[in-house]
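Have a look at the structure below before the remarks.
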Amino acid sequence: MSPTAVRRIALNTGGGDAPGLNAVIRAVTLGALDREWEVLGIRDGYDGLFGEHSHGEGVMLLGRDDVRDITHMGGTMLGTTNRGNPFQVGRGPDVAQRLRELEIDVLVAVGGDGSLNIAHQISLEGIPTIGVPKTIDNDLEHTDLTTGFDSAVAFATECIDRLVSTTTAHGRVMVIEVMGRTAGWIALHAGIAAAAHAILIPEIPYDISVVADRVKERADRGQDFSIVVVAEGATPIGGTVTTVEGSSRLGGVAATIAAQLEELTGKEARSLSLGHLLRGGSPTAPDRLLGLRYGAEAVLAIEAGARNVMVALDGDVAKLVPLADIAGRARLVPPDCGALRTARSIGTCLGEPA
Ligand code: F6P
């Protein structure tokens, strides 16, 4: 397709919401309208294409007024869903057919690896597609940053900071669980920023006795409180992930660790999970900028004639990555990354046996 042939694009947000999605929507819409392309927003992932949506019309033409004053807002004005991959219920070809009926020249799909996998499959059905990365987990391959990560880290850091005073006052151990699926990016960055004494991530299986020894050493030195940050996907050496009872959803590892530390150290321990709080609230300034940047890059990519790629960042340099290369892969914390080097250098316990 020649770039000049674009008349109408569609835009949707899929998977778990992340702060900064509205910034993407604004930049895509304004960039497209400037080029005299129409923008059709699809509600609730792809559900809106079939009239199934939680609020308003299933699809809506987006104008300047619709995207005014939304950059600072959390959530997504289009709604989202992380349930019901249309290809798993045999509806993938119907999605492509509906997009053809709506005369969509290019679909812009904003999502994490699950949603970008769906976008890839839609592209294979013949719909030209551009992916835009978002997820608080920061675990997308081939890009340095995803929209939402900075906001999640900033809020987790603030929460941990707040927990220090009460933990100190009581001389306790506090175990704080953060989201991130199989990657430890949020735990590692927030844990370092908030000066946690131990940080446990999925990439480094932990030995609970190593963590207990750190708590005891601190107590022996007169530091009778300890802060432990754990990623929801962290596992003990040789063990498995902790899931919410009766489901496959990650959750509960902090409570288990707190009980074990209480037993092993004799110190009172408490736990809490920050859970979906990390996905809520207003995006940080860096996430607003990142969302706007990714939205702008998506429009520039369409204009340049690129198709079936995800816009990505390598440092500050924008690049395009084939959607086929994204699907089904998670970008984990590499053993030699700067954050881990920092944690080790300042003596943070990572639960590793000596
Ligand atoms: O991928 C984003 C994320 O928030 C993960 O960190 C977490 O494991 C998952 O989504 C939670 O999903 P749900 O909203 O379905 O509970």
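Every number here is computed from the coordinates shown, using simple stated rules; none is lab data. These numbers come from a predicted model, not from an experiment. All Cβ positions, even for glycine, are placed from backbone atoms using ideal geometry, and neighbour counts span all protein chains on display.
Structure notes:
- Computed about the Cα centre, the dipole magnitude for segment 134-214 is approximately 320 debye when only Lys and Arg (+1) and Asp and Glu (-1) carry charge, each at its Cβ.
- Straight Cα distances below 28 angstrom link Lys134 to the lysines Lys319, with same-chain residues fewer than 8 positions distant left out.
- Applying 1/(1 + (r/R0)^6) with r as the Cβ-Cβ distance of Glu158 and Ala324 and R0 = 35 angstrom yields a FRET efficiency of 0.35.
- Were the residues from Phe87 through Ala193 laid out at 0.36 nm apart, the gain over their Cα-Cα distance would be 34.1 nm.
- Value of relative contact order over the chain, rounded to a whole percent, pairs C-alpha under 8 Å and six or more apart: 23 percent
- Note on Leu124/Val317: beta-carbon distance plugged into 1/(1 + (r/R0)^6) with R0 of 25 Å gives a FRET efficiency of 0.35.
- Nitroxide proxy distance, nm - points 7 Å out along Cα→Cβ at Asp144 and Ile70: 2.9 nm
- Only Lys, Arg (+1) and Asp, Glu (-1) charged, at Cβ; segment 40-154 dipole about Cα centre in debye: 160 debye
- Label-to-label distance, nm, for residues given as Glu303 and Glu103 (7 Å Cα→Cβ offset): 2.3 nm
- Cα gyration tensor category, rounded, prolate or oblate, for segment 158-233 with a/c compared to 1.5: oblate
- Dividing the summed -39500 (n - 2.57) terms of all DSSP H runs of n ≥ 4 by the residue count of the chain sets its mean residue ellipticity at 222 nm at -11000 deg cm²/dmol.
- Overall form of segment 1-81 per C-alpha gyration tensor (a/c, 1.5; a/b vs b/c): oblate
- Fewest-first ranking of Thr129, Thr256, using other Cβ atoms within 10 Å as the exposure measure: Thr256, Thr129
- Listed by chain and number, the lysines whose alpha-carbon sits under 18 Å from that of Lys267, ignoring those within fewer than 8 places in the same chain, are Lys216.
- Simple Cβ-charge dipole of the chain, Lys/Arg +1 and Asp/Glu -1, about Cα centre, in debye nearest 20: 180 debye
- Exposure proxy ranking, count of Cβ atoms within 10 Å, fewest first, for Val175, Val321: Val321, Val175
- With neighbour counts taken as other beta-carbon atoms within 10 Å, the residues Ser247, Ser282, Ser115 rank, fewest first, as Ser247, Ser282, Ser115.
- Length added when fully stretched, Ala5-Leu272, from 0.36 nm per residue minus Cα-Cα: 90.8 nm
- Backbone N under 18 Å from the Arg35 label point (7 Å along Cα→Cβ), restricted to segment 94-116: 103-110
- Applying 1/(1 + (r/R0)^6) with r as the Cβ-Cβ distance of Arg249 and Glu57 and R0 = 35 angstrom yields a FRET efficiency of 0.65.
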